[in-house]
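Each remark here refers to the structure printed beneath this line.
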Amino acid sequence: MEIVFDASTLILLAKIELLREISEEITIIIPEKVKIECLSKESIDALLILTLIKEKKIEVRKAGNIEAIKKLQRDFKIEIGEAEALWLAKRLNCPIAVDDGPTIKACKVIGQRFTTAIHFLINLASKKRLEVPIALAKLEKLSHYGRYRGGMIEDAAKRLTGGN
């Protein structure tokens, strides 16, 4: 399965040490601007992302139509990286992995399928690829690094521990 990633989700999964595991399961695609965003700071996360690009576990593709991308940017007040990722996902007819609030709202408006770092974590736990205590520890890290609203973390914790 192919999924286009925004920088936010790519970095969050790197920070909670799940990006390599996810890259073994799916084809990760990023546009040029997302690559630039992810590699702009010297960090362990950037080093991991660069390594996965070199290993061809993350594919970098041209987003295309700059006018359409700029329109997405203007219409939804999102950054260029998010707009490129959204446009590329739409063009490739595949989901986008995004944890940026305005981009998630844009996905809902235009009918674009999306997933988040929390969804990847819950999915790995449901497949028994992560034990519940480890998944909960990674969820705690996500709550520290991410900007999740309301009860999203609590809801994810319930789902990880078998609640509804």
Margin query: Please determine whether any residue of segment 42-61 is under 21 Å from Gln112 (Cα atoms) and over 15 Å from the mean Cα position of the chain (by Cα).
Written below: yes
Notebook entry, point to check: Looking at segment 153-164, which of the residues that are more than 16 Å from Asn123 (Cβ to Cβ) and assigned to a helix (DSSP H, G or I) is farthest from the chain's Cα centre (by Cα)?
Noted result: Glu154
Note to self: Among the listed residues Thr115, Thr103, identify the single one that is surrounded by 21 or more Cβ atoms within 10 Å (Cβ to Cβ) and of a type in the set (S, T, N, Q).
What the structure shows: Thr103
Item checked: Residues of segment 119-152 satisfying the condition of being assigned to a helix (DSSP H, G or I), in contact (Cβ under 8 Å) with a residue 24 or more places away in the chain and under 17 Å from Lys15 (Cα atoms) -> Phe120, Leu121, Ile122, Leu124, Ala135, Leu136, Lys138, Lys141, Leu142, Tyr145
Next item on the list: Pull up segment 118-147, narrow it to residues that are basic (Lys, Arg) and over 21 Å from Glu2 (Cβ atoms), then point me to the one that is surrounded by the fewest Cβ atoms within 10 Å (Cβ to Cβ).
Entry: Lys128
Next item on the list: Taking the residues in segment 58-89 that are out of contact with any Leu (no Cβ under 9 Å at 6 or more places or on another chain) and of a type in the set (Lys, Arg) as candidates, determine which candidate is surrounded by the fewest Cβ atoms within 10 Å (Cβ to Cβ).
Entry: Arg74
Note to self: Which of the numbered conditions does Ile110 fail, given that it passes all the others? Conditions: (1) closer than 28 Å to Ala135 by Cβ; (2) surrounded by fewer than 23 Cβ atoms within 10 Å (Cβ to Cβ).
What the structure shows: (1)
Next item on the list: Give the residues of segment 148-164 that are surrounded by 15 or more Cβ atoms within 10 Å (Cβ to Cβ), modelled with pLDDT of 90 or more and not hydrophobic (A, V, I, L, M, F, W, C), sorted by residue number.
Entry: Asp155, Arg159
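The values are calculated or read from the model by the stated rules, or taken from the named source; none is laboratory data. The structure presented is a predicted model; accordingly, all values stated were derived computationally and were not measured. Virtual Cβ from ideal backbone geometry, glycine too; neighbours counted across all protein chains shown.
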